[in-house]
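The values are calculated or read from the model by the stated rules, or taken from the named source; none is laboratory data. Nothing here was measured: the structure is a model prediction, and the numbers come from that model. Cβ coordinates were reconstructed from backbone atoms using ideal geometry, including for glycine residues, and neighbour counts include every protein chain displayed. Keep in mind that these areas ignore ligands, DNA and RNA; they rest on the heavy atoms of the full protein, side chains included. Shrake-Rupley method; radii C 1.70, N 1.55, O 1.52, S 1.80 Å.
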Amino acid sequence: DCVSRPIASAPHAWIDVVERYSDDRFKTLKRTTNTSKCLNLGSYNYLGFAASDEYCTPRVVESLKKFSPSTCSARVDGGTTILHVELEACVAKFVGKPAAMVTGMGYVTNSSVLPVLIRKGGLIISDSLNHNSIVNGARGSGVVVRVFQHNTPSHLEEVLREQISFGQPRTRRPWKKIIVVVEGIYSMEGELCKLPEIVQVCKKYRAYIYLDEAHSIGAVGKSGRGVCELLGVDTADIDIMMGTFSKSFGSCGGYIAASKEIIEYLKLSCPAHLYATAISPPAAQQIISSIRVILGEDGSSRGVQKLTSIRENSNFFRSELEKMGFQVLGDIDSPVMSIMLYNPSKVPAFSRECLKRNVAVVIVAFPATPLLLSRARICISASHTREDLLKALEVISEVGDLVGVKYFHADPKKQDDGRVKMSPMTQSLRKGTRSVNSSFPNFLEDDSCRITL
């Protein structure tokens, strides 16, 4: 009952969650006609484009009338419209590359492009926490795959040195091609890639870099151009730039941006371009329009305001969670943050209690994460107001006390009279009264109960 919850609205700051019930102890769930209005902390709507927009929506509706919902064809047949050509030029200019190719699905972009980029005799070196689409793409390529410790450039260098020294298995011939695959923001950790250091290592050993910016493009950087802009990396040093449109741009699909030669090669060999139905024209128009808003080409400053809001909201929310005593993963400026729950039995409890209080959160457990590293993943949006975030923090703090997932000492907040402000659950714990959580250790008091990664 904690997954696949149907919604009956756009994935905006607040959503209508369809109520369900079970009469067989949750073996099956049945939908009702009732909905609950919940604060949305789970959608990837980073810049707030998923709901109706004053600039984007009218243009999307017009494109729907002109082009229909689908091209009903692959790009190489009858599926390339003037919108697709315009979109690819717009994306290439936005990310700072000579050319781009768009596909109808972000997951497929990784899983279908990687096998085409590298053939027998090649080597893929992948971050240990890369997304499943990258893992499947690497496996589908049929080449040798090696893994380096998450976001550790020094270990990447060790792996590169070892693999270059020994060469291909059995024959010991030099590798024909080496591709290092990393993500801009890691979706389960909210951590920024140590891209400048990784670029230096790859330059030293002449390895290609494949950068997945699914969660970073549009969401970080002064003008929303991703981790390269944020961390001061020249896009010319990144060989392949991949991203998706289902997060910051409020649409669907994915893209590959690279040199003109690479893009021409992919358009002749990538299955996602040759055989899959082209991205929907209205979806393409949504992406074009949202990029124009981000860049201020709509004649307003809303793009700058959205980028400022997502940064301020993310940093405020993360800071407050840490002050409450939660173990929070993620870097500054990242809109993705994970509240570590650890205990598998606390995962459904946390989700259900938040939903009771009209806050919708996403919980992640095995097999998506290791068994004892379960978490609640929070995604912040520019559409969230400060009142929305304060409401969410109040609920999460209360549920954290109830379930017992505050693994660090809280940072005391002084009231006007100088007293420490505590929630009723925390007060009952400190008084020693029996409560729902009294059977668990008091993590707010006992240093021995701290859990560190």
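Among the residues that make up region 262-275, is at least one of them β-branched (V, I, T), in contact (Cβ under 8 Å) with a residue 40 or more places away in the chain, surrounded by 15 or more Cβ atoms within 10 Å (Cβ to Cβ) and not in a helix (DSSP H, G or I)?
Checked region 262-275: no residue is β-branched (V, I, T), in contact (Cβ under 8 Å) with a residue 40 or more places away in the chain, surrounded by 15 or more Cβ atoms within 10 Å (Cβ to Cβ) and not in a helix (DSSP H, G or I).
Considering only region 35-54, how many residues are over 25 Å from the mean Cα position of the chain (by Cα) and surrounded by 12 or more Cβ atoms within 10 Å (Cβ to Cβ)?
Summing the residues that are over 25 Å from the mean Cα position of the chain (by Cα) and surrounded by 12 or more Cβ atoms within 10 Å (Cβ to Cβ) in region 35-54 gives 2.
Restricting the search to region 114-172, which residues are closer than 19 Å to Y186 by Cβ and among the aromatic types (F, W, Y)?
F148
Taking G232, is it out of contact with any His (no Cβ under 7 Å at 6 or more places or on another chain), surrounded by fewer than 24 Cβ atoms within 10 Å (Cβ to Cβ) and touching a residue at least 24 places away in the same chain (Cβ under 8 Å)?
For G232, the condition - out of contact with any His (no Cβ under 7 Å at 6 or more places or on another chain), surrounded by fewer than 24 Cβ atoms within 10 Å (Cβ to Cβ) and touching a residue at least 24 places away in the same chain (Cβ under 8 Å) - is met.
What number of residues within region 59-85 satisfy the criterion of being assigned to a helix (DSSP H, G or I), farther than 24 Å from I7 by Cα and open to solvent by less than 70 Å² (accessible area, probe 1.4 Å)?
Adding up the residues that qualify gives 4.
Consider Q305 against the criteria (1) surrounded by fewer than 19 Cβ atoms within 10 Å (Cβ to Cβ); (2) part of a loop (DSSP other than H, G, I, E, B): it satisfies all of them except one. Which criterion is unmet?
Condition not satisfied by Q305: (2).
Name the strands (runs of 3 or more DSSP E) wholly inside region 95-199 in which the number of residues that are under 23 Å from the mean Cα position of the chain (by Cα) and not hydroxyl-bearing (S, T, Y) is 3 or more.
Strands (runs of 3 or more DSSP E) meeting the threshold: 99-103, 122-127, 177-183.
Scan S251, S216 and give me the residue that is within 27 Å of S301 (Cα to Cα) and open to solvent by 10 Å² or more (accessible area, probe 1.4 Å).
S251
Going by the conditions given, is L329 open to solvent by less than 60 Å² (accessible area, probe 1.4 Å), touching a strand residue (DSSP E or B) at 6+ places or on another chain (Cβ under 8 Å) and either under 19 Å from G190 (Cα atoms) or among the acidic types (D, E) (or both)?
Yes.
Is at least one residue of region 3-16 in a strand (DSSP E or B), open to solvent by 40 Å² or more (accessible area, probe 1.4 Å) and within 25 Å of I217 (Cα to Cα)?
Among the residues of region 3-16, at least one is in a strand (DSSP E or B), open to solvent by 40 Å² or more (accessible area, probe 1.4 Å) and within 25 Å of I217 (Cα to Cα), which makes the answer yes.
Tell me, yes or no, whether region 149-166 has at least one residue that is under 22 Å from Y107 (Cα atoms) and surrounded by fewer than 18 Cβ atoms within 10 Å (Cβ to Cβ).
Checked region 149-166: at least one residue is under 22 Å from Y107 (Cα atoms) and surrounded by fewer than 18 Cβ atoms within 10 Å (Cβ to Cβ).
Given the options L295, L341, name the one that is touching a Ser or Thr at 6+ places or on another chain (Cβ under 8 Å), among the hydrophobic types (A, V, I, L, M, F, W, C) and closer than 29 Å to A92 by Cα.
L295
Select the helices (runs of 4 or more DSSP H) contained entirely in region 336-453, then report the ones holding at least 1 residues which are among the β-branched types (V, I, T), open to solvent by less than 20 Å² (accessible area, probe 1.4 Å) and modelled with pLDDT of 50 or more.
Hits in region 336-453: 346-356, 386-403.
Among all residue pairs at least 6 apart or on different chains, which show Cβ distances below 7 Å where the first residue, located in region 212-229, is under 14 Å from I294 (Cβ atoms) and the second is of a type in the set (V, I, T) and assigned to a loop (DSSP other than H, G, I, E, B)?
Once the first residue is under 14 Å from I294 (Cβ atoms) and sits in region 212-229, its partners that are of a type in the set (V, I, T) and assigned to a loop (DSSP other than H, G, I, E, B) give G226/I217; G226/V220.
Determine which member of the set S319, S300 is assigned to a loop (DSSP other than H, G, I, E, B) and among the small types (G, A, S).
S300
Would you call K27 farther than 28 Å from E297 by Cα and open to solvent by 80 Å² or more (accessible area, probe 1.4 Å)?
Yes, satisfied.
For I279, which of the numbered conditions (1) open to solvent by 20 Å² or more (accessible area, probe 1.4 Å); (2) closer than 21 Å to I82 by Cα; (3) among the hydrophobic types (A, V, I, L, M, F, W, C); (4) part of a loop (DSSP other than H, G, I, E, B) fails to hold?
Only one criterion in (1) open to solvent by 20 Å² or more (accessible area, probe 1.4 Å); (2) closer than 21 Å to I82 by Cα; (3) among the hydrophobic types (A, V, I, L, M, F, W, C); (4) part of a loop (DSSP other than H, G, I, E, B) is unmet by I279, namely (1).
Going by what's in this entry, would S259 be described as within 22 Å of the chain's Cα centre (by Cα) and in contact (Cβ under 8 Å) with a residue 60 or more places away in the chain?
No, not satisfied.
What about S319, is it surrounded by 24 or more Cβ atoms within 10 Å (Cβ to Cβ) and within 23 Å of the chain's Cα centre (by Cα)?
no
Can you find a residue that is at pLDDT below 95 and farther than 19 Å from G253 by Cβ anywhere in region 110-119?
Within region 110-119, one or more residues are at pLDDT below 95 and farther than 19 Å from G253 by Cβ.
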